[in-house]
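One structure is given below, encoded as structure tokens.
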There are 2 protein chains.
Amino acid sequence: MTDPKLNPKMNGAESLVHTLLANGVDVCFTNPGTSEMHFVAALDHIPGMRSVLVLQEGVATGAADGYYRMKGTPASTLLHLGPGLANGLSNLHNAKKGGSGVVNIIGEHASSHIELDAPLTSDIEGIARPVSHWVHTSKSAQTVGADAAEAVQAAMVAPGQIASLILPSDTAWNDGGVAHDAIDLPTPKPFDHGQLDHAANVLSGPETLLLLGGAALTERNLEIAGRIAAKTGCKLLSEWSNARLERGAGRVFVGRVPYPIDIALEVLKPFKRIVLIGARAPIGFFAYPGKPAILTRDDAEILTLADAGADLSAALNALCSATNATKTPPAHVVTADQPARPTGPINLDTLAAVIARAIPENAIVVDESVTTGRAFSPATKGAPRHTWLNNCGGSIGYGMPAAIGAAIACPERKVMCLTGDGSAMYTVQSLWSMARENLDITVLIFANRSYKILRGELTNVGVQNPGPRAIDMLSLDRPALDWVQMARSMGVEACSVSNCAALETALDDGLTRSGPTLIEVLL
Amino acid sequence: MTDPKLNPKMNGAESLVHTLLANGVDVCFTNPGTSEMHFVAALDHIPGMRSVLVLQEGVATGAADGYYRMKGTPASTLLHLGPGLANGLSNLHNAKKGGSGVVNIIGEHASSHIELDAPLTSDIEGIARPVSHWVHTSKSAQTVGADAAEAVQAAMVAPGQIASLILPSDTAWNDGGVAHDAIDLPTPKPFDHGQLDHAANVLSGPETLLLLGGAALTERNLEIAGRIAAKTGCKLLSEWSNARLERGAGRVFVGRVPYPIDIALEVLKPFKRIVLIGARAPIGFFAYPGKPAILTRDDAEILTLADAGADLSAALNALCSATNATKTPPAHVVTADQPARPTGPINLDTLAAVIARAIPENAIVVDESVTTGRAFSPATKGAPRHTWLNNCGGSIGYGMPAAIGAAIACPERKVMCLTGDGSAMYTVQSLWSMARENLDITVLIFANRSYKILRGELTNVGVQNPGPRAIDMLSLDRPALDWVQMARSMGVEACSVSNCAALETALDDGLTRSGPTLIEVLL
């Protein structure tokens, strides 16, 4: 291939593909339309971009989220105008809250066509802005390459950002494209050095918590946190939602701040001093009448040593030195341990035990189990090393798409996707892309046939004794979803289980074979 | 029930439900979350609101679109925070472009919680604005009733508008709600009387087109247009996309401006004078390199007698008088006529014929057939009276949701939903709500296993000889979707057909039984 920059006939779309590839963006989750056809055509003769077709854009953006968490570099999405972007918006919200970097390429009408207000015309920048850190509309084919490089740069601002590049179709089809070389990538900002000594002092005192989030949860950073905990006696916790948490035997264990507000208040009550590294001060997921929104004590001193955008490894290393813990063996290192083999019917405890026993070494667990999963964390503590991903933005429907992204980022690892039935339905089209790409994903659908979390929330917000109309609006049993037929309709092998032995066998099958499997777990 | 306005303990959510009911909004398409639980609870003890649960919010907003088209008054949607709204955004785009009135009720965190930037916090007004004509966040429980009345009023501005009311959860749960009575509804603005004489003169000249859209396409208004055409010799056309077109034997027929750009240019070339009533001047759906975006002659005189927001019946009546056509029998009245009974394999022509023969009297046809449906309009011209709905915003995935809304608006009528397989997948969750509500909808899935329209568009934008990677990104055959299993997984009866006789039988079954049916038409 000749140097693309010297090709006088390169169009804007070709300069875009060359630039993305030069900047390490070589995966595109896509659902293209007319305005994106030149990008599609460019992929034909420019090798190197893996294009993953999805049937609804929420799958594309959720996959890009999962991809970034596992790869550390962004994927691109290719979305059709404002409505295509809109379909992907809620999983971009999740990605934004999780600190994932994503490069959205959004088609737009040709510049001259926009003022005509055609049926598909919309305010694309307006739609993109609430979920994006960076929004830009290319002005000409000549600038597309530089714009794309800037988008990648924006996406790589720590911990990761949403960059939305809007491409009027004439900027894609016109000649004069200029591919851009690899751009300088941003480095994380420094942590708050001025707080270091105070943080070290505080941790050595009683009733102190070191609260971790984001990139503080890598294996290496957890080990450092374990040394600090061993030396100072501070407690360790992570946020409720973690973009990526390394867990399992041989690693330092951190629990999560619980979701249920009363339990969270209880867990956090002892702490008069809290040091934050990559985490935010704990608040309620929702507000509830008559309950506090801030989960920590009124008199708690909260000290941010490093926020999510800072160099968290540097912060932990410095704190380790400042507490003289560098030679201290880490606390909370997990010993390999599995729950006893459960038998009989599936309930939340036996379910947790079967899953814990099934997690393969080096697995990626994508968790959108909502109510069903509350017992998973303690049960899986001693499983072989694995990576656990939570939903960080609270918009359900992230799980199966994120599993796709994780599987494409890490083809050598097994992916387990744990999801409620209600959650899975938002982006059920994911199953087809799993089949198409033959991804090693085992999906467990927890079929409680209700929005069970809302039954609890109804009580939390003060609604006692809900009547039949309210309960009906939270129930998914009329008709019951048949997940086996659902999966097979999109080319995914599936089975339904209702006891521990059957679940064990199904998990074993799913995790050893190549390609996706769905297991409907009847609760 | 006591007068709700006198109830001192009414909360904001209750005042909202009372106000919606008092203003004729008695259907709610919903996918609620924690922040909407007080609305859900209010429905328990306030009778009169039909709540239709959906599994993804695009179904809710598309259903509200279809409902308004058939009922002429808005339904409400109940959506969970910014991400729930975001999932419904693309079908709100379609509703906005189609002139449908929708009242969105969007939950928000309690006012005090918003500044804490919880996981689900987002810029809800920012997300709503690009698809809404009216956006408002309630300030207190006291104002919720008045805000809701204003939202209904905004939704009823002709031809129909998107109103988005954002309800912080404390405004829902706090006492002090004040239900609002029925509000004065807006009336359509007057048409452009100053243009009337000129329009009448123009129509009597040669090479003149009367182009109709929106509410000009009712049975009665079409009859008037037919008189004008008979008297003046002008031609009649409607826009390519019509929110609601009354068709069939005994009614005045109008063709549509074609979608394919070259054919559209050809059809519009003769017209030197065009009078618009409820329609916009014809433009291309997309821009294509080297082709015009404006589909009419450069020298065409285009005269807007009434835009979509004006009183179109008044405009047509006045024009009829001004052309002395009130006593003239209408032109283009359709005689009952059916194509011959086709046999053998299904192709685009035999498919159109079978469908034309199956349309029951008074049916509602929701058309998202994209490429497959290009032969449907002439074939179905002489079918019994029926109503035809098009996608007006071009964001695919509108068909099955709109069919739900139409079926709920008109429980006494049969609904046929004609949709491509690619389109249907965007909002496939619709099938479950059809089953749950036992709606009389017969869904035909045209399974060509590709985004076939994009194959044509690839050529239109100048891409010759697409290679295997490009074609693969437009193909849905790896794996093939099994629509029978898909439908059954969500409780909908289904079958698959590949010849005319089987399709005829399946249509007959589907249209005579109660409840939904899906027919996969293999192409």
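Tally time: how many residues in region B:120-133 are surrounded by fewer than 23 Cβ atoms within 10 Å (Cβ to Cβ) and closer than 17 Å to A:PHE285 by Cα?
Residues flagged as surrounded by fewer than 23 Cβ atoms within 10 Å (Cβ to Cβ) and closer than 17 Å to A:PHE285 by Cα within region B:120-133 amount to 2.
Surrounded by fewer than 21 Cβ atoms within 10 Å (Cβ to Cβ), of a type in the set (A, V, I, L, M, F, W, C) and not in a strand (DSSP E or B): does that describe A:VAL428?
Answer is no for this residue.
What about A:ARG50, is it among the basic types (Lys, Arg) and buried (at least 24 other Cβ atoms within 10 Å of the Cβ)?
Against the criterion (among the basic types (Lys, Arg) and buried (at least 24 other Cβ atoms within 10 Å of the Cβ)), A:ARG50 does not qualify.
Those residues that are assigned to a helix (DSSP H, G or I) and among the small types (Gly, Ala, Ser), I need them from region A:337-352; list them, please. Even if it seems obvious, please write down each step before you answer.
Quick first cut of region A:337-352, residues assigned to a helix (DSSP H, G or I) only: A:348-352.
A:ALA352, the sole residue that qualifies.
Restricting attention to region A:467-478, and to residues there that are without any contact (Cβ under 8 Å) to a residue 24 or more places away in the chain, surrounded by fewer than 20 Cβ atoms within 10 Å (Cβ to Cβ) and assigned to a loop (DSSP other than H, G, I, E, B), which single residue is farthest from the other protein chains (Cβ to nearest Cβ)?
A:ARG478
Taking into account only those residues within region A:345-371 that are over 26 Å from A:ALA409 (Cβ atoms) and under 22 Å from the mean Cα position of the chain (by Cα), which is surrounded by the fewest Cβ atoms within 10 Å (Cβ to Cβ)?
This residue is A:THR371.
Can you say whether B:ALA403 is at pLDDT 90 or above and within 12 Å of another protein chain (Cβ to nearest Cβ), as far as the supplied structure shows?
no
What are the pairs with Cβ atoms under 8 angstrom where one residue, in region B:390-405, is in a helix (DSSP H, G or I) and the other, located anywhere, is of a type in the set (Lys, Arg)? Sequence gap at least six, or different chains.
Going by the 8 Å Cβ cut-off, the qualifying pairs are B:ALA402/B:ARG69; B:GLY405/B:ARG69.
Under the condition of being of a type in the set (D, E, K, R) and closer than 26 Å to A:SER111 by Cα, which residue from region B:252-297 is nearest to the chain's Cα centre (by Cα)?
Quick first cut of region B:252-297, residues of a type in the set (D, E, K, R) only: B:256, B:262, B:266, B:269, B:272-273, B:280, B:291, B:297.
Now restrict to residues that are closer than 26 Å to A:SER111 by Cα: B:262, B:266, B:269, B:280, B:291, B:297.
Working: B:ASP262: 26, B:GLU266: 28, B:LYS269: 29, B:ARG280: 17, B:LYS291: 29, B:ARG297: 30 Å.
Per the criteria, the residue is B:ARG280.
Would you pick out the residues in region B:114-135 that are part of a loop (DSSP other than H, G, I, E, B) and among the aliphatic types (A, V, I, L, M)?
Within region B:114-135, B:LEU116, B:ALA118, B:LEU120 meet the criteria.
Take the residues in region B:353-380 that are closer than 30 Å to A:THR34 by Cα and in a loop (DSSP other than H, G, I, E, B); name whichever of them is farthest from the other protein chains (Cβ to nearest Cβ).
B:THR380
Considering region B:443-455 alone, what residues qualify as being at the interface with chain A (Cβ under 9 Å from one of its Cβ atoms) and part of a helix (DSSP H, G or I)?
B:ILE453, B:LEU454
Kindly list, by first and then second residue, each pair from a residue in region B:482-502 that is more than 11 Å from chain A (Cβ to nearest Cβ) and surrounded by fewer than 20 Cβ atoms within 10 Å (Cβ to Cβ) to a residue that is at pLDDT below 95 and in a helix (DSSP H, G or I), limited to pairs with Cβ atoms under 7 Å and residues at least 6 apart or on different chains.
Pairs that qualify, where the first residue is more than 11 Å from chain A (Cβ to nearest Cβ) and surrounded by fewer than 20 Cβ atoms within 10 Å (Cβ to Cβ) and the partner is at pLDDT below 95 and in a helix (DSSP H, G or I): there are none.
Can you tell me how many residues in region B:439-476 are modelled with pLDDT of 90 or more and in contact with a Pro (Cβ under 6 Å, 6 or more places away or on another chain)?
2
Would you confirm whether any residue within region A:26-34 is in the same structural domain as A:SER138 (by TED's automatic domain parsing) and over 27 Å from the mean Cα position of the chain (by Cα)?
Yes - at least one qualifying residue is present in region A:26-34.
Limited to region A:240-280, what total is found for residues that are modelled with pLDDT under 95 and more than 25 Å from A:PRO339 (Cβ to Cβ)?
The total comes to 2.
Check off (1) surrounded by 20 or more Cβ atoms within 10 Å (Cβ to Cβ); (2) in contact (Cβ under 8 Å) with a residue 40 or more places away in the chain; (3) in the same structural domain as B:ARG513 (by TED's automatic domain parsing) for B:PRO342 and give me the number that stays unchecked.
Status for B:PRO342: all satisfied but (3).
Counting only residues that are facing another protein chain (nearest Cβ under 10 Å) and part of a strand (DSSP E or B), which one in region A:255-298 is surrounded by the fewest Cβ atoms within 10 Å (Cβ to Cβ)?
A:ILE294
Name the residue, out of A:ALA148, A:ALA110, that is among the small types (Gly, Ala, Ser) and under 20 Å from A:HIS180 (Cβ atoms).
None of the other options fit; the residue is A:ALA148.
Limited to region A:456-466, what total is found for residues that are more than 7 Å from every other protein chain (Cβ to nearest Cβ) and either in contact (Cβ under 8 Å) with a residue 12 or more places away in the chain or of a type in the set (Asp, Glu) (or both)? Give the steps one after another, and end with the answer.
Of region A:456-466, the ones more than 7 Å from every other protein chain (Cβ to nearest Cβ) are A:456, A:459-460, A:464-465.
Next, from what is left, pick out any that are either in contact (Cβ under 8 Å) with a residue 12 or more places away in the chain or of a type in the set (Asp, Glu) (or both): A:456, A:460.
Matching residues across region A:456-466 total 2.
Across region B:433-442, which residue is nearest to B:ALA358 (Cα to Cα) among those that are more than 9 Å from every other protein chain (Cβ to nearest Cβ) and in a helix (DSSP H, G or I)?
Only one residue tops the list, namely B:MET434.
Pairs only if they're at least six apart or on different chains, beta carbon under 7 angstrom, first in region A:121-136 and within 7 Å of chain B (Cβ to nearest Cβ), second outside any strand (DSSP E or B) and surrounded by fewer than 20 Cβ atoms within 10 Å (Cβ to Cβ); list them, first residue then second.
Between residues of region A:121-136 that are within 7 Å of chain B (Cβ to nearest Cβ) and residues that are outside any strand (DSSP E or B) and surrounded by fewer than 20 Cβ atoms within 10 Å (Cβ to Cβ), the close pairs are A:GLY126/B:ARG129; A:ARG129/B:GLY126; A:PRO130/B:ASP123; A:PRO130/B:GLY126.
The values are calculated or read from the model by the stated rules, or taken from the named source; none is laboratory data. Small disclaimer: the values here were computed from a predicted structure and weren't measured. Cβ sites come from the backbone with ideal geometry, for glycine too, and all protein chains shown count toward neighbours.
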